[in-house]
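Following: one structure in C-alpha cells, then a few remarks.
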Amino acid sequence: MVTEACKKNHITVNGIIAKPSKEVFPSDRITFRKDQITQIIVVLDIPDNRVSAKLVDIYRKNETPIEAYQHLELLKLSKEHYRKTGDGRPTKKDRRDLEDFGNEMEI
C-alpha cells in the first residue's frame, strides 16, 4: 500500500515527495493523508530487524495535531446524528440538511 501511495505522490519525507525506494533516517518527518487527516510521523530510530506491530511505536512519534482528529469526530457525529447507517442513499434535501448541520457546528 505504501509503495502505491509513493507512486501516486501522496507521501512526503521532510517536505520532499518520496519514491518507494527512499531511505528514512532518524529525525525524518513523514507526511501522508489517511482517513481525511494529514498524518505527521517523526522517525525516532531504525530497528535492526523487523518488529511486531506492538513495538512500532517505540521507533516513531505521531505529531499529528489533535485538532485534525477532533474535526473527524465532529464529522462522524454529525452524520450519525442525522442519518442511521444503512438507510440508503441520501436525497438532495438530506445532503443539504447535513451540510447546514455541519456549518452550524463550526459557528
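So here's what we get for this one:
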| quantity | calculated |
| --- | --- |
| Tally, over segment 29-84, of residues that are among the aliphatic types (A, V, I, L, M), modelled with pLDDT of 85 or more and within 25 Å of residue 7 (Cβ to Cβ) | 8 |
| Pair list, Cβ under 9 Å, 6 or more apart: segment 49-65 residue within 17 Å of residue 27 (Cβ to Cβ), other residue open to solvent by 70 Å² or more (accessible area, probe 1.4 Å) and of a type outside the set (A, V, I, L, M, F, W, C) | 58/45; 59/45; 60/45; 63/29 |
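The values are calculated or read from the model by the stated rules, or taken from the named source; none is laboratory data. Just so it is clear, the structure is predicted and the values come from calculations on it, not from any experiment. Here the Cβ is made from the backbone with ideal geometry for all residues, glycine too, and neighbour counts use every protein chain on show. Areas reflect the complete protein model, heavy atoms only, side chains present, ligands, DNA and RNA absent. Shrake-Rupley method; radii C 1.70, N 1.55, O 1.52, S 1.80 Å.
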